[in-house]
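Okay, structure first, notes after.
The values are calculated or read from the model by the stated rules, or taken from the named source; none is laboratory data. These numbers come from a predicted model, not from an experiment. For neighbour counting, all protein chains shown are included, and Cβ atoms are generated from backbone atoms with ideal geometry for every residue, glycine included. When the accessible area is computed, the model is the full protein with side chains, heavy atoms only, and any ligands, DNA or RNA have been set aside. Shrake-Rupley method; radii C 1.70, N 1.55, O 1.52, S 1.80 Å.
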Amino acid sequence: MLIWYTIAVLLSLAIFSFLWKDNPLYKFAEHLFVGTMVGYQVVVVFSQIIMRKIVDPISVALDNRQILTLISLVIATLIGLLFLARFSRKVEWVSRYPISITVGFWSGYAIVASFKTNILTQIRGTVVDDLGQPLLNGHLIGDFFKNPSLKTLDLATAGPLLVFGVIVVLVYFFFSVKHDHPMVKFANKPALFYLMIGFGASFGYTFMGRISLFIGRMNFIFNEWWPLLKQTIGG
Amino acid sequence: MRTPWYDKIMSLDKKILYVIMFIVVMIPLLAKWTYNPAVMPEVKDIYDEIEGIYAYNQSHPDTPQGILVSFDYSPSTNAELDPMTMSILRHAFMRNIPVITWSAFPDSIDLAKTITTYIAKEFRAVYGQDFVFMGYPYPMNAAVIAFGSDVRNFLVKDFYGNLSTDLPLLNKIYNYKSIGLIVTVSGTSYPRFWVTYANTLYGKKIATGTTAVSAAEFYPFLQTDQMIGMMGGLRGAAEYEKLVEALEITIIGDDIERYLRNLYSPEDDFPWDTKIFAPGFTDEELREHLSTRKTARTGMASQASSHFYVIVLIILANLGYFFKRRAENKR
């Protein structure tokens, strides 16, 4: 185990050496990684796709004498094999059949679901909250004035701020009207403000993500490999 | 002529910044400082949902609900995401909730298998009864749809080559009706995919654990309840870790090391399938199992100090820029 851990540590350091400058050690680690990944994926694709998705179901269908299942599996496999026709210029056109089946099926399947997920439900989320109450809720604003506190302020402003933000950012990206139009001009500044907050949050999260990866590697080196090395050397 | 201080700041060598960052990250890591995060509602919601499944299973022992944990990430993001899957699995196994796991990428099969069995071993979970690992369900979208009717037709065998119909767990839990929660732990846009198909088409509850980089992308789905909760980055992992630790103390007690040491005895005549995991822990394994209980919180201490360092750098750089421009304007 120590040998593998040590190899992992050396490769990690080789990758980090790029921070100093590009060098042969970094190149070696990079190429080794790409080569290993490709080799690993070839084996996995064979064992997890060819065997599990073609050979296993066909043999189970044969054992159980499920003729219809067997026929459908064989037909599907043959159609799938037509993809390989792309390697020959002469019969390349045949590969369009499996492609058209795949694209046709998935377009039909995905269009409604994607539209509902990414547009309809999101629009609804800009109109009402998860309890079905309108986001522009006058009662909540009234509650704030009756009982001013941070909580009531948050409840009163969260909805209107969200609705306002969505509208001004949509207007900002509406390029069919000249940007000197009064409506667009009005929306420009607040839209930029919203966008900057969005980019700032994304940048903060991105930084956190990158540092987490570095912490993960350092944790491996100093809290896993180093104790193991000490234990092995110390007996 | 002496170089002004703002010019020095503006032309600081990147290598110096990297070395300081290394030191800033290493100090909390070596000192083993841990961070005690406040638990955010979006993380607590996932915890409560799993507790809800536990309560349901207590009142419906014959028709239990399970959870599907989808390892939708590859080893490149495991530093952030492993602590999430570990905490979720610990929670589920501790509550005897049936668990189905699979891996969305070919390069994460080993990772998913290792983590699933690693955590299952901590709770004497039996393969086939308490958990199953389905390998790489290619193509994923077909697998997600297959769960709408009977996943056993699509995944004829599990990762280990057992027939799906021979696994007791899959005979109880084979479609969405008996899945209480889908947890997608991902460094990609897979959570959106799960929402599109499993939530929109089948109404399943989706929780996600995601890398910090992707977290901002999924907040709109939380607001619309298309996702019931989210663990965003290492911080989200640390929060869930904290919740699970509290539960562990309530159920198992303070001394986890003793619990793990006594979990398997030589007289144990339970037929453990050693192909899945060998019963018992070596000292080295014990140390690892204990340390993985606070990986995210240890990492967050380094994270906090590195954030502080970057804030200082941003302030210094802005000051440098401001004074440099002022000096140029004066000239």
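Overview of results
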{"item": "Answer from B:THR200, B:THR224 - the residue that is within 14 Å of chain A (Cβ to nearest Cβ) and touching a Gly at 6+ places or on another chain (Cβ under 8 Å)", "result": "B:THR224"}
{"item": "One residue from A:ALA156, A:ALA113 being surrounded by 14 or more Cβ atoms within 10 Å (Cβ to Cβ), among the small types (Gly, Ala, Ser) and farther than 30 Å from B:MET140 by Cβ", "result": "A:ALA156"}
{"item": "Test: residue in the range B:303-311 that is under 17 Å from A:LEU213 (Cβ atoms) and hydrophobic (A, V, I, L, M, F, W, C)", "result": "yes"}
{"item": "Tally of residues being closer than 12 Å to B:ILE276 by Cα and surrounded by 19 or more Cβ atoms within 10 Å (Cβ to Cβ) across the range B:118-131", "result": "6"}
{"item": "Residues located in the range B:197-231, provided they are crowded, with 22+ Cβ neighbours inside 10 Å and among the polar types (S, T, N, Q)", "result": "B:ASN199, B:THR208, B:THR210, B:THR211, B:SER214, B:GLN226"}
{"item": "Exclusive hit being outside any helix (DSSP H, G or I), within 22 Å of B:ALA237 (Cα to Cα) and open to solvent by less than 50 Å² (accessible area, probe 1.4 Å), set B:PRO64, B:PRO83, B:PRO37, B:PRO28", "result": "B:PRO37"}
{"item": "Only listed residue being surrounded by fewer than 13 Cβ atoms within 10 Å (Cβ to Cβ), of a type in the set (Phe, Trp, Tyr), more than 7 Å from chain B (Cβ to nearest Cβ) and within 21 Å of B:THR211 (Cβ to Cβ), chosen from A:PHE199, A:PHE220", "result": "A:PHE199"}
{"item": "When residues of the range B:276-331 are limited to those that are in contact with a Phe, Trp or Tyr (Cβ under 6 Å, 6 or more places away or on another chain) and open to solvent by 50 Å² or more (accessible area, probe 1.4 Å), the one nearest to B:MET231 (Cα to Cα)", "result": "B:PRO279"}
{"item": "Residue count for the range B:199-212, restricted to those that are outside any strand (DSSP E or B), within 22 Å of B:SER74 (Cα to Cα) and at pLDDT 95 or above", "result": "0"}
{"item": "Residues of the range B:54-83 satisfying the condition of being more than 14 Å from chain A (Cβ to nearest Cβ) and in contact with a helix residue (DSSP H, G or I) (Cβ under 8 Å, 6 or more places away or on another chain)", "result": "B:THR63, B:PRO64, B:GLN65, B:GLY66, B:ILE67, B:VAL69, B:SER70, B:ASP72"}
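Residues checked against (1) touching a residue at least 60 places away in the same chain (Cβ under 8 Å); (2) open to solvent by 50 Å² or more (accessible area, probe 1.4 Å); (3) on the phi < 0 side of the Ramachandran plot; (4) away from chain B (no Cβ under 13 Å):
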{"site": "A:THR117", "(1), (2), (3), (4)": "no, no, yes, no"}
{"site": "A:VAL127", "(1), (2), (3), (4)": "no, yes, yes, no"}
{"site": "A:ASN137", "(1), (2), (3), (4)": "no, no, yes, yes"}
{"site": "A:PHE145", "(1), (2), (3), (4)": "no, yes, yes, yes"}
{"site": "A:VAL163", "(1), (2), (3), (4)": "no, no, yes, no"}
{"site": "A:ILE167", "(1), (2), (3), (4)": "no, yes, yes, yes"}
{"site": "A:VAL171", "(1), (2), (3), (4)": "no, no, yes, yes"}
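Here is a yes/no grid of residues against (1) within 14 Å of chain A (Cβ to nearest Cβ); (2) modelled with pLDDT under 95:
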{"position": "B:ILE100", "(1), (2)": "no, no"}
{"position": "B:ASP110", "(1), (2)": "yes, yes"}
{"position": "B:ILE115", "(1), (2)": "no, no"}
{"position": "B:TYR127", "(1), (2)": "no, yes"}
